[in-house]
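Data first, discussion second: the structure below is written as structure tokens.
The values are calculated or read from the model by the stated rules, or taken from the named source; none is laboratory data. Note that the coordinates shown come from a computational prediction; the quantities given were computed from them, not determined experimentally. When we count neighbours, we look across all protein chains shown, and the Cβ atoms used for this are built from the backbone with ideal geometry, even at glycine.
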Amino acid sequence: MVTRIARRPADPAQAPADRGPARPRKAAAPRLAGERMAKVDTAWLRMDNAHNLMMILGVWTLQPGIGYEALCRRVEERLFQYPRFRQRVVEDATGASWSEDPRLDVRHHVVRETLPRVRRGDTQTALQARIAALASQPLDRAHPLWQLHLVEHHEGGSALIVRIHHCIADGIALISVALSLVDGGAPPPVRRSREDHGGTDDWLADTVVRPLAEAAVKAIDTAGDGLVRSMELLREPHRGVEGSAALARLGWQVAGDAAALLLMPDDTRTRLKGQPSGRKRVAWCAPLPLEEVKAVGKALGCSVNDVLLSCVAGAIGGWLRAQGEDTASCEIRAMVPVNLRPLEQAWKLGNRFGLAPLVLPVGIEHPLERLYEVRRRMDALKGSTQPLLAFAVLTVAGLLVKPAQDAILRLFADKTTAVMTNVPGPREKLKMLGATLQDIMFWVPQSGDIGLGVSILSYGGGVQFGLMADEAICREPQAIIDGFAPQFEQLGWLTLMLPWDEAAAAPA
């Protein structure tokens with residue numbers, strides 16, 4: 001039934017006498033302003049906790065230096081073309097929305113930094129200390145969730161520290177953002193319509209993640225909060241069916257995926273697992289020549305990724321043994337992000353990736369034996385369903401209230417020692433405001449109680465390793481980082497010593 005409400009006359013004297021006193025009009029429910037945040041991005045927004053903030057951190061070093069005012073103008077001209085960098089987050093009971101910041105001020109987001117005076121040669125240590133401090137400092141939720149910190153005088157040039165909340169974008173998308181700031185870069189293309197965000201050129205996603213990714217994104221886009229009701233139905237089937245049979249089947253599938261994650265065995269408990277304190281340490285190493293990494297991989301019948309991950313496992317294992325730990329049969333699990341979209345669509349921002357759980361054989365000391373074991377495990381992941389499960393659970397988590405989301409995400413943290421990511425950057429060195437962008441490094445955030453993040457980035461013909469560690473778990477991450485180059489050198493020497501016919505016939 002539709003009830004018509006008569007408009008009250010402007011002159012009370014003209015109101016009909018027999019209607020009695022006017023009843024107070026019920027206040028209309030406030031309308032939510034702005035664009036709704038995607039459910040996956042909402043999950044990342046809510047992952048902040050007292051000891052792990054969901055910020056992607058990076059640092060650029062430039063020669064010669066750049067000026068503060070010039071950087072502010074470049075940000076206004078380029079970065080503000082992305083709506084997400086003008087919008088603040090407004091949370092509500094069902095999620096969050098993006099809303100234009102009425103007090104947007106470039107000088108709030110571009111901050112001048114001055115590092116303490118240090119002895120010659122200690123400038124990297126001072127820069128690392130400042131980045132670590134910023135890793136524990138939350139972004140102001142009254143404004144868009146990002147900041148650039150310009151160190152104007154650093155080793156004869158400048159350093160630019162970048163902090164961006166993960167709810168804005170993932171690492172692949174932020175590379176696209178970075179390219180818009182460099183000389184010759186362009187603002188993002190004009191979005192003409194609501195476009196599909198799926199698809200990828202990544203081998204693992206093509207063979208493993210794409211089928212569920214497309215189904216899950218489509219289902220969530222169409223079902224929305226009905227998916228939560230379907231999960232409630234699974235928990236209490238006596239309440240009866242609400243919604244379509246397809247929705248119920250989707251609920252069964254998601255519940256089955258979550259159950260499979262529960263069966264994932266714990267990795268070895270080393271000193272790299274424990275309760276984090278929230279105080280961070282960061283480190284990075286000088287670039288390894290990418291062509292040399294490719295040559296070693298080709299000679300040994302392995303991919304570049306196999307070689308790099310073997311070096312990571314070797315460096316971590318060597319550090320654990322130096323701390324007095326017995327690493328025999330020791331394995332640690334790292335969650336590895338898997339890109340789910342074509343690189344040409346990275347400018348759309350948001351988070352479009354799954355997670356592949358990779359177990360690193362840190363207890364294998366022989367470089368070649370460890371390399372081939374890493375290759376075997378990477379090949380096994382190509383046919384595994386675990387990345388599908390992780391993507392589905394992460395997506396669904398954004399639909400739930402925070403306590404339920406936290407409970408689901410503990411599935412990852414309790415069985416994981418590290419988060420590890422490998423991001424390809426530009427092959428040639430770039431310029432920004434006339435200065436050469438010499439080096440780029442970044443660090444991934446760790447969720448839950450995970451205290452270790454490993455980053456691999458290729459740029460300008462080199463590949464670099466970065467490490468972020470919680471102080472309670474590893475006070476000197478540089479000691480682990482310093483093991484990466486020696487691990488690669490060992491593989492290089494062994495490659496040179498092998499007869500070429502044997503190298504070509506390396507174990508499959």
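Structural remarks
- Checklist (1) surrounded by fewer than 20 Cβ atoms within 10 Å (Cβ to Cβ); (2) at pLDDT 80 or above applied to Lys348, failing item: (2)
- Which listed residue, of Arg46, Arg36, Arg78, Arg88, is closer than 17 Å to Pro138 by Cα and in contact with a Ser or Thr (Cβ under 7 Å, 6 or more places away or on another chain): Arg88
- Considering (1) at pLDDT 95 or above; (2) of a type in the set (S, T, N, Q); (3) surrounded by fewer than 16 Cβ atoms within 10 Å (Cβ to Cβ), the lone condition that Gln147 does not fulfil carries the number (3).
- Among the residues listed as Thr114, Thr125, the single one being surrounded by fewer than 16 Cβ atoms within 10 Å (Cβ to Cβ), closer than 19 Å to Ala286 by Cβ and not assigned by TED's automatic domain parsing to the domain that holds Leu467: Thr125
- Criterion applied to Val393, Val454 was being among the hydrophobic types (A, V, I, L, M, F, W, C), at pLDDT below 70 and crowded, with 17+ Cβ neighbours inside 10 Å, and the one residue passing it is Val393.
- On inspection, Val40 passes the criterion of being modelled with pLDDT under 90 and part of a helix (DSSP H, G or I).
- Taking the criterion of being among the β-branched types (Val, Ile, Thr) and within 22 Å of the chain's Cα centre (by Cα), the residues of the range 424-471 that qualify are Ile440, Val444, Ile450, Val454, Ile456, Val463.
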